[in-house]
């Protein structure tokens, strides 16, 4: 009888240890899931965002009503390149509306629009996508030289876009740029990389 009760105690101890390990493992697993979800949410909030387009100045690339993803981190770690689609605000405030445009001129460049063609530092700029010929050169009819923190931007809807050609927009300061627009989320039929 003593031997049987000893075996029962051993089984009980083994069962208790196994249950304790199982609960510790389950608890550790739950903690890891909570930490990963919290870090993902924080990363998305700090570095990514969505914007619903309110204007048609980027048509046909991005249309009014499209929802796009904004990468806020890309320009903290990298540089703004010619041809990038950027989101910017006209003022250094979080209350201003986002505008989406394509970067044409980089700091130090001289931009001019002659006979519908974009000239960068005296040479014709050949775009990688087919866009309408520019009818109104605006202030870029004369050479515009960008300062060390300025960018010249144009909407892809070249003849229906308020952009750097017009004095009320002008050159975009680096501090006004929020990030790079890189993906259409909605509508589903237009979903894809930009």
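Every number in this text was worked out from the coordinates using simple rules, so none of it is lab data. All values derive from a computational prediction rather than experimental measurement. Don't worry about glycine lacking a Cβ; one is built from the backbone with ideal geometry, like all the others, and counts go over all protein chains shown.
Quick notes
- Order of 152, 27 under a 10 Å beta carbon neighbour criterion, fewest first: 27, 152
- Spatial separation of Cα centroids for region 103-174 and region 52-102, in angstrom: 16
- Fewest neighbouring Cβ atoms within 10 Å first, the residues 31, 86 line up as 31, 86.
- Ranked list, fewest to most other Cβ atoms within 10 Å of each Cβ, for 130, 162, 20: 130, 20, 162
- Once the Cβ-Cβ distance of residue 174 and residue 38 is raised to the sixth power relative to R0 = 35 Å, the FRET efficiency obtained is 0.65.
- Stretchable slack from residue 30 to residue 139, in nm (0.36 nm times residue separation minus alpha-carbon distance): 33.3 nm
- Net length available on complete extension from residue 186 to residue 72 is 39.1 nm, with 0.36 nm assigned per residue and the Cα-Cα distance removed.
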